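Since the structure comes first, as structure tokens, the remarks are kept for the end.
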Amino acid sequence: MMAGFASAQYKPDDAGSSVQFKIRNLGFNVNGSFNGLGGNIRFNPDSLTTSNFDVSVDANSINTDNNMRDNHLRNDSYFDVKNYPRIHFVSTKIVSSNKKETWLISGNLTIKNQTREISFPFTATSTKSGYLFKGTFKINRRDFGVGGASTISDELEVSLSILSGKS
């Protein structure tokens, strides 16, 4: 790692990115996504101490290809989008891994004003104007007060594909 290298500033491209999730409900997988990705990314693989992610998505944009279910998920027992319109992630540490173009990120994920630390590996592939970041992590929905005693699984998987460009 070379000291003194500042991290370049990037903006996530909502149209070129995807924030998807998968959760089991009554034995079936339910897939969904969020849009409205925004925030700032500072990333330089040669200066991880100056790199950070501060990104969020629009909770109201939840899409499971079922309008009735989506409206139910927007209510207060799930995402309570009126009071908590954004799902927010702020990194606290980024370190190298032993795999090429793969790093480990730790940070705080906030859903419904409940914040939990998460860590997961991600890849960063250089593009013409920035990077394509990809990563997958699992969380327990109950840690964030989402869904109460619902029949859905407690654990869900989130997959990220974040295209960024220089800001």
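The values are calculated or read from the model by the stated rules, or taken from the named source; none is laboratory data. Every value quoted in this text rests on a predicted model; they were computed, and no experiment measured them. As a convention, Cβ positions derive from the backbone with ideal geometry for all residues, glycine included, and neighbour counts pool all protein chains shown. Remember, those area values only see protein heavy atoms, side chains included, never the ligands or the DNA or RNA. Shrake-Rupley method; radii C 1.70, N 1.55, O 1.52, S 1.80 Å.
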For the stretch 1-13, pairs from a residue that is polar (S, T, N, Q) to a residue that is modelled with pLDDT of 95 or more and open to solvent by less than 30 Å² (accessible area, probe 1.4 Å), with Cβ under 8 Å and 6 or more apart or across chains, are S7/F43; S7/S51; Q9/I41
Among residues of the stretch 137-154 being not in a loop (DSSP other than H, G, I, E, B) and not charged (D, E, K, R), the residue surrounded by the fewest Cβ atoms within 10 Å (Cβ to Cβ) is N140
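Results for (1) over 20 Å from N40 (Cβ atoms); (2) out of contact with any His (no Cβ under 8 Å at 6 or more places or on another chain), shown as yes or no for each residue.
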{"site": "D65", "(1), (2)": "yes, yes"}
{"site": "F79", "(1), (2)": "yes, yes"}
{"site": "P85", "(1), (2)": "no, yes"}
{"site": "L109", "(1), (2)": "no, no"}
{"site": "R116", "(1), (2)": "yes, yes"}
{"site": "K128", "(1), (2)": "no, yes"}
{"site": "Y131", "(1), (2)": "no, yes"}
{"site": "T136", "(1), (2)": "yes, yes"}
{"site": "I139", "(1), (2)": "yes, yes"}
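Residues that are among the aliphatic types (A, V, I, L, M) and in contact (Cβ under 8 Å) with a residue 40 or more places away in the chain, at least 3 per element: which strands (runs of 3 or more DSSP E) completely within the stretch 29-136 meet that? Don't jump to the end; show me each part of the working.
Details: elements: 52-63, 86-96, 102-111, 114-126.
Where strands (runs of 3 or more DSSP E) fall fully within the stretch 29-136 and carry at least 3 residues being among the aliphatic types (A, V, I, L, M) and in contact (Cβ under 8 Å) with a residue 40 or more places away in the chain, they are 86-96.
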